[in-house]
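Notes follow the structure.
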Amino acid sequence: MKLTILGASGHGKVVADIAKLNGYDEIEFLDDDGSLSYCGRYPVTGKCMQAEDVRNDLFIAIGNAEYRERFMERFSDKHMPALIHPDSIIADDAVIGDGTVVMAGAVINPGTVIGKGVIVNTCSSVDHDCDIGDYVHVAVGAHLCGTVNIGNKTWIGAGSTVSNNIDICGGCMIGAGAVVIRNIDSPGTYVGVPVKKIKPDNGRLMTGSSR
Ligand SMILES: CC(C)(COP(=O)(O)OP(=O)(O)OC[C@H]1O[C@@H](n2cnc3c(N)ncnc32)[C@H](O)[C@@H]1OP(=O)(O)O)[C@@H](O)C(=O)NCCC(=O)NCCS
């Protein structure tokens, strides 16, 4: 099976590793940085827009949620698989959207629905009955307790915890190590234990590099 991965970054490298474990034996990257010839052991064969001509399965491995959404919409006619690391634990009835990656050590418990283009990063957990919107990133080691709802394009920072029965709206950046114990209903950057809003925008999440 052949897979083209858009985004030759560190994240892309991890995605390629999982893709190989999912049975893709021919992998190539596309990236707009012309100086890149390899990502890990896989070749960078062209620029992002060349995805238009690709007949393989396609995966968008871009950390920035805005760019990830843009490319997934742009190439919505392609088949974009969900990539699941075999050493993650996923409940039988959990729903995982297209173009989502679930990394090693992640746990997704029963009744949970994960949208499209989501990153469930290494050793994170999403407990029972959670609803995770499109293009969300649950970063390394973050934990969502039961019945948590996360809006589109929110970033849950590395090592943070969201208490049970919490709603977080779309477009939020939750800082590394944060603890969320109350609902968040306006976009922005939130840090600390318990979290406080420090910025009305989500900084790098929306305006950072495409990689
Ligand atoms: C929250 C975050 C996005 C803020 O980044 P930023 O907008 O560049 O903010 P700054 O670095 O200017 O920090 C602003 C203030 O918040 C504080 N702050 C930043 N991140 C913090 C965090 N995670 N926890 C507590 N305080 C934090 C800073 O110390 C600074 O305080 P000061 O004004 O008193 O000096 C970033 O620090 C963060 O936590 N990113 C998450 C990274 C991550 O999860 N990576 C996962 C990869 S898998």
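Values in this text are rule-based calculations from the coordinates and carry no lab data. These figures come from a predicted structure and were not determined experimentally. Note that we place each Cβ from the backbone using ideal geometry, even for glycine, and neighbour counts take in every protein chain shown.
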Length gained if residue 74 through residue 104 is fully extended, taking 0.36 nm per residue and subtracting the Cα-Cα distance, is 7.9 nm
Residues 76, 88 in order from fewest to most other beta-carbon atoms within 10 Å are 76, 88
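If you count, for each residue, the other Cβ atoms within 10 Å and average over each peptide, how do 173-184, 96-107, 34-45, 113-124 line up from highest to lowest?
Numbers: 173-184: 17.9, 96-107: 21.1, 34-45: 13.9, 113-124: 23.0.
Highest mean packing first, the order is 113-124, 96-107, 173-184, 34-45.
What does the extension gain come out to for residue 38 and residue 201, with contour length at 0.36 nm per residue minus their alpha carbon separation? Don't skip to the answer; put the middle values down first.
Numbers: separation 163, 0.36 × 163 = 58.68 nm, distance 3.44 nm.
The span from residue 38 to residue 201 would gain 55.2 nm if fully extended.
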Between residue 89 and residue 164, the two model label points (7 Å from Cα along the beta-carbon direction) sit apart by a distance in nm of 1.7 nm
For the chain, longest principal axis from Cα atoms; helix 65-74 axis from its Cα atoms; angle between them, nearest 10 degrees, is 50 degrees
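Run the helix sum for the chain: -39,500 (n - 2.57) per DSSP H stretch of 4+ residues, divided by residue count, reported at 222 nm to the nearest 500 deg cm²/dmol. Provide the component values of the computation, followed by the final result.
On the way: 3 runs with 26 residues, N = 211.
Helix-only estimate at 222 nm: -3500 deg cm²/dmol.
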Cα-Cα pairs in the chain separated by more than 30 Å, as a whole percent of all pairs, come to 19 percent
